[in-house]
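Let me begin by presenting the structure, written as structure tokens, before commenting on it.
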Amino acid sequence: MHNNAFAKLGLNFAYLAFEITNDTLPAAVQSIRTLDMRGSNISMPNKQKILPLLDKLDPVAKMVGAVNTVVNDNGVLTGYTTDGTGFMKALADENLDIRGEKMTIAGAGGAGTAIEIQAAYDGVKEMSIFNIHDQTWENAERNVKIINEQTDCKAQLFDLADQDAFKREIADSAIYCDSTGVGMKPLEGKSLVNDPSFFHKDMIVFDTVYAPRTTKLMEVAQEAGVEHVFNGLGMMLEQGAEAFKLWTGKEMPVDYIRDLLFDQDDQK
Ligand code: NAD
């Protein structure tokens, strides 16, 4: 994505991938300074481990507690998280604005946390978070606490097993987002919502999954006649575009990249 965008805009940058473990992370981060790289992306399992190795943190990255993008300004490394801004930008690209609205979201892992904190920070008014009792439950509790303490959004956590609450909270939401990965392999063909009557026509249904392009959740939403149904491709492109802009100061040619890399594949 990045190399094609650099070439398209004639920018003298190159994007390279390195396999970094928790053990080699400190030396790898120092090499960003040593080699005067403009920055980097960070993937799991280093998104949290990198925090103490950076000089500065963007306020939302601090609230999320994870970084996926680093920018090097003359040896000063600042950490950002662009998954949440990518999500909000993907909606903005469709002329949709959820600020001031209620959101219901399933999941509070890496993607869910970034979306929840960014949406609250940007002005979503009310948020109902549903999670299962797995290792991310504590994270969901932390997200609710941070949102209620540090933003104007009112957040609540529910057990996903409480299906009455799930239906009720979705019913008066402007957007339902699934950030659980249910719907992609190995859970392809599955959905947390299987009853179209959970949805109303004028809402947004957003699945962070982008392979397959149409998930079971999206089919259920379409069956319900929901007007705005999205997979995670727009979010994935826009989180990259946000990082691209942080490094280069330029807008990524997102439509060009979508056509070039993602619209002709067999994932639809
Ligand atoms: P994660 O492991 O950090 O979090 C997974 C979340 O899903 C947790 O809250 C967990 O409780 C929940 N979950 C897992 N299995 C479940 C089940 N069977 N039923 C109900 N809840 C369940 O994962 P992540 O990194 O947050 O990724 C989640 C999804 O988001 C993946 O599908 C990933 O591809 C997608 N994602 C998309 C983008 C994008 O740009 N579109 C970016 C990041 C992640």
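Each reported figure results from applying straightforward, stated rules to the coordinates on display, with no laboratory input. On a predicted model such as this, the values are computed, not experimentally measured, just so you know. Every residue, glycine among them, receives a Cβ derived from its backbone with ideal geometry; neighbour counts consider all protein chains shown.
Under a point spin-label approximation (7 Å from Cα along Cα-to-Cβ), what is the ARG258-ASP195 distance to one decimal in nm?
3.4 nm
LYS167: which lysines have alpha carbons under 21 Å from its alpha carbon, excluding same-chain residues fewer than 8 sequence positions away?
Candidates past the 8-residue exclusion: LYS102, LYS125, LYS154, LYS190, LYS201, LYS216.
Of the listed peptides 106-117, 251-262, 219-230, what is their order by residue-averaged count of other C-beta atoms within 10 Å, with the highest listed first?
106-117, 219-230, 251-262
Under the Kirkwood approximation for Rh and a Cα-based Rg, what ratio Rg/Rh is obtained for region 84-233?
Working: Rg = 13.8 Å, Rh = 15.0 Å.
Ratio value, two decimals: 0.92.
Please give the FRET efficiency for ASP202 paired with LEU25, using the beta carbon to beta carbon distance and R0 = 30 Å, rounded to the nearest 0.05.
Rounded to the nearest 0.05, the efficiency is 0.05.
Can you say what percent of the DSSP beta bridges in the chain, counting only those with both residues inside, are antiparallel? Round to 5.
Beta bridges within the chain, antiparallel portion: roughly 25 percent.
Once the mean 1/r over all distinct Cα pairs of the chain is inverted, what Kirkwood radius in angstroms do you read off?
19.2 Å
Expressed in nm to one decimal, what extension gain is obtained for the pair ALA14 and LEU35 from 0.36 nm per residue of sequence separation less their Cα-Cα distance? Present the calculation step by step, with values, prior to reporting the outcome.
Details: separation 21, 0.36 × 21 = 7.56 nm, distance 1.33 nm.
Residue separation times 0.36 nm, minus the Cα-Cα distance, leaves 6.2 nm.
Rg (Å, one decimal) plus Dmax (Å, integer) for the alpha carbons of region 199-249?
13.7, 42
Taking region 172-268, how much of its Cα-Cα pair set, in percent, is spaced more than 21 angstrom apart?
Values: 1856 of 4656 pairs.
Above the 21 Å cut-off, region 172-268 has 40 percent of its Cα pairs.
In degrees between 0 and 90, to the nearest 10, how far off the longest principal axis of the chain does helix 110-122 point, with axes built from Cα atoms?
Helix 110-122 and the main axis of the chain meet at about 80 degrees.
Over the Cα atoms of region 1-128, what is the Rg over Rh ratio if Rh follows Kirkwood?
Result: Rg/Rh = 1.01.
Dimensions of region 94-166 along principal axes (Cα, Å, largest first)?
33, 25, 20
What is the spread of the Cα atoms of region 1-50 along each of their three principal axes, largest first, in whole Å?
For region 1-50, the Cα spread along each principal axis is 36, 23, 15 Å.
Using Cα positions and a limit of under 20 Å, work out the lysines in reach of LYS56, with same-chain residues fewer than 8 apart set aside.
LYS47, LYS245
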